[in-house]
Each structure stands twice: as structure tokens, then as C-alpha cells.
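K.L.:
Okay, here's the structure, questions in a sec.
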Amino acid sequence: MMDEPWWEGRVASDVHCTLREKELKLPAFRAHSPLLKSRRFFVDILTLLSSHCQLCPSARHLAVYLLDHFLDRYNITTSKQLYAVAVSCLLLASKFEDREDHVPKLEQINSTRVLNGQNFTLTKKELLSTELLLLEAFSWNLCLPTPAHFLDYYLSASVSQKDRHCHSWPATCPRKTKECLKEYAHYFLEVTLQAFCGGRSLRWGLQDLPSAFPLLDQRPTEDLKLLSGTSQHMH
């Protein structure tokens, strides 16, 4: 693991460009699954489980992305299979995105009230077979950008000492402004979980950060608008 977050390092711009390139190559979400009516319920379960296990936002968003696109391609016929896929998506995403000591154990997941309330338990054998099925479905490539992967980089460019209010007077407390903006941004980020994944959802997620500035009576920095590709939308 890197000693410093990638968005604070010397190669931050290169990493950002790579993520944007990968984003453009993501497969389209077709919304063909007959289980779309159950999507909100299972996204809520993934959100509750990830919060219980204190997983990072990128792990949570990757889990939802995996669930969306797997259901879009494959037919799942039983509720037990659907639960197994959802939990396996979360565990795979946590292994790929989060710190090793944050990756939850299967016993920890099975003991949560979220799953106990649904009378569901996943065995190790079922987990391994489902994880393998998921990895094969995504060609063993889990490097899939979501809005969460971009947020910290954009936040780093969101506030400066030269910022001005919408009424053109200087901002008085950039630190407080950035703290408030971070709260708004993470709220918007969680809202995107309930949108269908794919290019449109990702683009919406990337544009939310500049959109929060009017709520703080401030203008987004030009750096932020350029980085997020939203300068043409802000007036």
C-alpha cells in the first residue's frame, strides 16, 4: 500500500487520467435484468453491510457496480443466489479496494442483523464458488472506476485561498468551506448508489461536486471545473 493517498502524490494527474480513460471504456449498463425491481433493496443491504464493516466508499461503490453488471449479464433464479452474489460482490470489492485489516470475515458478515433478519447464511464453499464466478465474469479485472475513485482528487482542488463567494467577496474560512463541501459531496456520492451504474451514473457522480458550491454560496474553482469536466455546465 502507498504511504500517501494517490491524489496527494506526484503522479496524481497521471492516475486521474488513467481512471478517466478506463471509465470511458466501461461497458454500457443495459438494465435488462428482470431483478431490477429488487435492486434498491440489495443496494441498501450492501450499504448497511459496508457501514457495519466500516469499508471505504470506493469498496462500497465497486460492490454495487459489480452487482449491477453481473445481474445485467446473467440470469439468477433464486433469492439465495441473489444474496450470495450481493455478499460476494461486497467481499471482493473490499479485498480489492480496502485495507487488509478492514476486509470483513465471512463469520462477521453472517452474524450481522442485516442478514440474520433475512434468514440468510453464506457458507465458505458458496462464497468461494460465487467469487470465482464473479471474477470470471469480469475477466479477473476489478479495476473499474466509480464516482468514489474520483472524489478525493476533486476535493483536493475544490477550495483555495483565492476562492470567492457567489457575490464576489472573498471567502473567509477556506478550511470550514472545505469541510462543509466534503459533507455535501459524500451525501451526493451516496445518492449515486441508487442510480443505475454505467457511463451516465458515473458522469452524474463526477458532476455533483461543483454543483454543491451554490449551496455554500460560493463559486467552484476553475481547477475543479476543469478536472471534473463540468466547466461547460456551470454558469
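K.L.:
Would you confirm whether any residue within the stretch 11-20 is assigned to a loop (DSSP other than H, G, I, E, B) and surrounded by 15 or more Cβ atoms within 10 Å (Cβ to Cβ)? Steps first, answer last, please.
P.N.:
Pass one, the stretch 11-20, residues assigned to a loop (DSSP other than H, G, I, E, B): 11.
Still in the running and surrounded by 15 or more Cβ atoms within 10 Å (Cβ to Cβ): none.
No, the stretch 11-20 has no match at all.
K.L.:
Return a yes/no flag: does the stretch 29-42 have any residue that is within 24 Å of K125 (Cα to Cα) and touching a residue at least 12 places away in the same chain (Cβ under 8 Å). Lay out the reasoning, then the answer.
P.N.:
From the stretch 29-42, those within 24 Å of K125 (Cα to Cα) are 42; that's our starting set.
Still in the list and also touching a residue at least 12 places away in the same chain (Cβ under 8 Å): 42.
Yes, the stretch 29-42 contains at least one residue that is within 24 Å of K125 (Cα to Cα) and touching a residue at least 12 places away in the same chain (Cβ under 8 Å).
K.L.:
Starting from the stretch 177-194, take each residue that is open to solvent by 60 Å² or more (accessible area, probe 1.4 Å) and list its partners that are modelled with pLDDT of 80 or more and in a helix (DSSP H, G or I), counting only C-beta distances under 7 angstrom and pairs at least six apart or across chains.
P.N.:
As it stands, the answer is K182/L155, since those pairs meet every condition given.
This table checks each residue for (1) more than 17 Å from L144 (Cβ to Cβ); (2) touching a residue at least 24 places away in the same chain (Cβ under 8 Å).
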residue	(1), (2)
P27	no, yes
C53	yes, yes
V85	no, yes
S94	no, yes
D101	yes, no
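K.L.:
Does L144 meet the test of being open to solvent by 10 Å² or more (accessible area, probe 1.4 Å) and modelled with pLDDT of 95 or more? Break it down stepwise before answering.
P.N.:
Values: open to solvent by 10 Å² or more (accessible area, probe 1.4 Å): yes; modelled with pLDDT of 95 or more: no.
In short, no.
K.L.:
Looking for whichever is aliphatic (A, V, I, L, M) and farther than 22 Å from T192 by Cα here; the options are V87, V103, V43, V64. Which one fits?
P.N.:
Working: V87 fails: farther than 22 Å from T192 by Cα; V43 fails: farther than 22 Å from T192 by Cα; V64 fails: farther than 22 Å from T192 by Cα.
Answer to the selection: V103.
K.L.:
Here are some conditions: (1) among the aromatic types (F, W, Y); (2) outside any loop (DSSP other than H, G, I, E, B); (3) at pLDDT 95 or above. Y154 meets all but one. Which one does it not meet?
P.N.:
So Y154 meets the others, but not (3).
K.L.:
Among L122, L128, L135, which is the only one that is farther than 21 Å from H61 by Cα, out of contact with any helix residue (DSSP H, G or I) (no Cβ under 7 Å at 6 or more places or on another chain) and either of a type in the set (A, V, I, L, M, F, W, C) or not in a helix (DSSP H, G or I) (or both)? Show your work before the answer.
P.N.:
Numbers: L122 fails: out of contact with any helix residue (DSSP H, G or I) (no Cβ under 7 Å at 6 or more places or on another chain); L135 fails: farther than 21 Å from H61 by Cα.
Step by step, each of L122, L128, L135 is checked, and only L128 is farther than 21 Å from H61 by Cα, out of contact with any helix residue (DSSP H, G or I) (no Cβ under 7 Å at 6 or more places or on another chain) and either of a type in the set (A, V, I, L, M, F, W, C) or not in a helix (DSSP H, G or I) (or both).
K.L.:
Looking at (1) open to solvent by less than 20 Å² (accessible area, probe 1.4 Å); (2) under 16 Å from the mean Cα position of the chain (by Cα), find the lone condition where S88 falls short.
P.N.:
(2)
K.L.:
Okay, next question. If I ask for residues that are polar (S, T, N, Q) and either touching a Cys at 6+ places or on another chain (Cβ under 9 Å) or open to solvent by 20 Å² or more (accessible area, probe 1.4 Å) (or both), which ones from the stretch 23-57 would you list?
P.N.:
Narrowing the stretch 23-57 to residues polar (S, T, N, Q): 33, 38, 47, 50-51, 54.
S38, T47, S50, S51, Q54, listed by residue number.
K.L.:
I need a count of the residues in the stretch 111-132 that are of a type in the set (S, T, N, Q), over 26 Å from the mean Cα position of the chain (by Cα) and open to solvent by 70 Å² or more (accessible area, probe 1.4 Å). Please lay out each step first, then the result.
P.N.:
Within the stretch 111-132, the subset of a type in the set (S, T, N, Q) is 111-112, 116, 118-119, 121, 123, 129-130.
With over 26 Å from the mean Cα position of the chain (by Cα) added as a condition, the list becomes 119, 123.
Of the ones still in play, those that are also open to solvent by 70 Å² or more (accessible area, probe 1.4 Å) are 119.
Of the residues in that region, 1 qualify.
The values are calculated or read from the model by the stated rules, or taken from the named source; none is laboratory data. Being a predicted model, the structure only gives us computed values, none of them experimental. FYI the Cβ positions are ideal-geometry reconstructions off the backbone, even for glycines, and counts take in every protein chain you see. Remember, those area values only see protein heavy atoms, side chains included, never the ligands or the DNA or RNA. Shrake-Rupley method; radii C 1.70, N 1.55, O 1.52, S 1.80 Å.
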